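A.B. asks: Right, I'll just put the structure down here and ask away after.
The values are calculated or read from the model by the stated rules, or taken from the named source; none is laboratory data. Fair warning: this is a prediction, and the values are worked out from it, not measured in the lab. Glycine also receives a Cβ, built like all others from the backbone with ideal geometry; neighbour counts cover every protein chain displayed.
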Amino acid sequence: MLGKSTVLLVATIFAVGCVVEGKVYDRCSLASELRWKYNLPKDQIADWVCIAEHESSFNTAALGRPNSDGSQDHGLFQINDRYWCSPPGPHNDCGVSCAALRDDNIDDDVKCIRKIYARHGFSAWVAWKNNCRGKNLSKYVAGCKI
């Protein structure tokens, strides 16, 4: 017969195993992956790295504080759940779960940012407007192999 402590230990191990695992990039590893794995245009890489730094501190598991409308932003690029992922958003235009945007696999994140960028450009990201737009962004890719 299992004791309460054994059951609690097993439950804890199971719960920890179900936690979404994230990854924290450094700027060059992100720049390189965006350029070579995902084939994003070279002239956009510094902008994406700037966005990731200011939105999530390069953390794929980032979950933003609730926005004024109650929505939240998810993952490396802080993709909003009101329009782009679900639950809770009614639209889910990227066809992805919000939890998937907070794991260590950014395939779905990149697919989604392509869609957002195609509709709205970088202006969809407040962090880009406040920290990246019109600035020399060369420091975000300096020394990186892109």
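A.B. asks: Would you confirm whether any residue within segment 26-38 is without any contact (Cβ under 8 Å) to a residue 12 or more places away in the chain and surrounded by fewer than 17 Cβ atoms within 10 Å (Cβ to Cβ)? Walk me through it before giving the result.
C.D. replies: Applying the first criterion (without any contact (Cβ under 8 Å) to a residue 12 or more places away in the chain) to segment 26-38 yields 29, 37.
Of the ones still in play, those that are also surrounded by fewer than 17 Cβ atoms within 10 Å (Cβ to Cβ) are 29, 37.
Yes, segment 26-38 has at least one match.
A.B. asks: Taking into account only those residues within segment 70-100 that are in contact (Cβ under 8 Å) with a residue 40 or more places away in the chain and touching a Phe, Trp or Tyr at 6+ places or on another chain (Cβ under 9 Å), which is surrounded by the fewest Cβ atoms within 10 Å (Cβ to Cβ)?
C.D. replies: The extreme case among them is GLN78.
A.B. asks: Before we move on, is ASP103 over 22 Å from TRP36 (Cα atoms), surrounded by 14 or more Cβ atoms within 10 Å (Cβ to Cβ) and acidic (Asp, Glu)?
C.D. replies: The answer is no for ASP103.
A.B. asks: If you don't mind, another one. Kindly list the number of the only condition in (1) more than 15 Å from GLY22 (Cβ to Cβ); (2) surrounded by fewer than 21 Cβ atoms within 10 Å (Cβ to Cβ); (3) of a type in the set (A, V, I, L, M, F, W, C); (4) free of Cβ contacts under 8 Å to residues at least 40 places away in the same chain that fails for LEU137.
C.D. replies: (4)
A.B. asks: Also: Considering segment 130-146 alone, what residues qualify as being farther than 18 Å from GLU55 by Cβ and in a helix (DSSP H, G or I)?
C.D. replies: SER138
A.B. asks: Is it the case that segment 4-23 has a residue that's at pLDDT 85 or above and not in a loop (DSSP other than H, G, I, E, B)?
C.D. replies: No, the conditions are met nowhere in segment 4-23.
A.B. asks: Let me ask you something else. Taking PHE77, is it among the aromatic types (Phe, Trp, Tyr) and in a loop (DSSP other than H, G, I, E, B)? So that I can check it myself, show each step before the final result.
C.D. replies: Working: among the aromatic types (Phe, Trp, Tyr): yes; in a loop (DSSP other than H, G, I, E, B): yes.
For PHE77, the condition - among the aromatic types (Phe, Trp, Tyr) and in a loop (DSSP other than H, G, I, E, B) - is met.
A.B. asks: May I pose another question? For segment 111-124, check the following and say yes or no: at least one residue is surrounded by 15 or more Cβ atoms within 10 Å (Cβ to Cβ), among the polar types (S, T, N, Q) and under 23 Å from GLN72 (Cα atoms).
C.D. replies: For segment 111-124, residues surrounded by 15 or more Cβ atoms within 10 Å (Cβ to Cβ), among the polar types (S, T, N, Q) and under 23 Å from GLN72 (Cα atoms): absent.
A.B. asks: Could you run through segment 34-74 and say how many residues are within 23 Å of GLU21 (Cα to Cα) and assigned to a loop (DSSP other than H, G, I, E, B)?
C.D. replies: So the count comes out to 11.
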